[in-house]
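Working notes for the structure below.
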Amino acid sequence: MTRDVSWLSRAVLVLPLLLLYGSIIAFVSVIVSWQHDDPYLTANILGTVLILLSGVIVPVSLYPKWLAFLTQCLPFSQTMQWFLTGSGSLFLDSVVAGIWLLLGIIMYHYQIKRVKRYAMIQ
């Protein structure tokens with residue numbers, strides 16, 4: 001009796017990517033919620049959406065087409081598919097994560113300008 005342990009090597013290989021993607025999403029979440037009354041609201045919403053759309057609970061292949069499209073906007077769906085099945089585009093998720101990072105940097109610069117403008121008024 002042999003057991004399939006190929007997932008173990010995939011888990012070790014994909015862990016750094018998932019940590020990087022999670023850090024990028026957390027960075028964007030912090031920047032979006034900067035100076036809001038509830039700084040945890042964005043993180044809570046994004047965290048829930050990520051869990052539901054990443055393919056952890058239900059494989060992305062079983063989602064309706066419109067929901068499967070939304071999963072492509074997050075950098076976890078292809079990576080999770082690769083982890084679970086051995087097939088998936090890690091490059092595509094890296095591009096999506098890069099877009100998220102770029103959006104986060106743009107929003108960061110916008111927030112810095114707002115803070116500087118507010119500091120100059122007072």
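Just by accessible area at a 1.4 angstrom probe, what is the order of Leu92, Leu13 from largest to smallest?
Details: Leu92 70, Leu13 120 Å².
Ranked list, largest accessible area first: Leu13, Leu92.
Helix 6-32 and the longest principal axis of the Cα set of the chain meet at an angle near 20°.
Quick check on the chain: helices-only [θ] at 222 nm, where DSSP H runs of length 4 and up contribute -39,500 (n - 2.57) each and the sum goes over total residues. Nearest 500, please. Don't skip to the end; give the middle numbers.
Details: 5 runs with 88 residues, N = 122.
Here the helix-only value at 222 nm equals -24500 deg cm²/dmol.
Put simply, the chain fits an ellipsoid with semi-axes of 34, 15, 12 Å; these come from the alpha carbon gyration tensor as the roots of five times its eigenvalues, largest first.
How much accessible area per residue does the chain have, in Å², with a 1.4 Å probe?
On the way: 8450 Å² over 122 residues.
Averaged over the residues of the chain, the accessible area is 69 Å².
With a cut-off of 15 Å between beta carbons, the residues surrounding Pro16 carry a summed charge of 0, where Lys and Arg count +1 and Asp and Glu -1.
Restricting to Cα pairs below 8 Å that are 6+ residues apart, what does the relative contact order work out to for the chain? Please round to a whole percent. Intermediate results must be reported in sequence, preceding the final value.
Details: 99 pairs, mean separation 33.1, N = 122.
Computed over the chain, the figure is 27 percent.
The share of accessible area on the chain that comes from carbon and sulfur is 73 percent, using a 1.4 angstrom probe.
Annotation: peptides 19-30, 63-74, 42-53, ranked by per-residue average of other Cβ atoms within 10 Å with the highest first, follow the order 19-30, 42-53, 63-74.
Largest first, how would Met120, Met107 line up by accessible area (1.4 Å probe)? Don't jump to the answer; show the numbers that get you there.
Working: Met120 160, Met107 60 Å².
The residues order as Met120, Met107, largest area first.
Once the Cα atoms are used to define both axes, helix 90-121 deviates from the longest principal axis of the chain by about 10 degrees.
The values are calculated or read from the model by the stated rules, or taken from the named source; none is laboratory data. What you are looking at is a predicted structure, and each value in this text was computed from that prediction instead of being measured. Virtual Cβ from ideal backbone geometry, glycine too; neighbours counted across all protein chains shown. When the accessible area is computed, the model is the full protein with side chains, heavy atoms only, and any ligands, DNA or RNA have been set aside. Shrake-Rupley method; radii C 1.70, N 1.55, O 1.52, S 1.80 Å.
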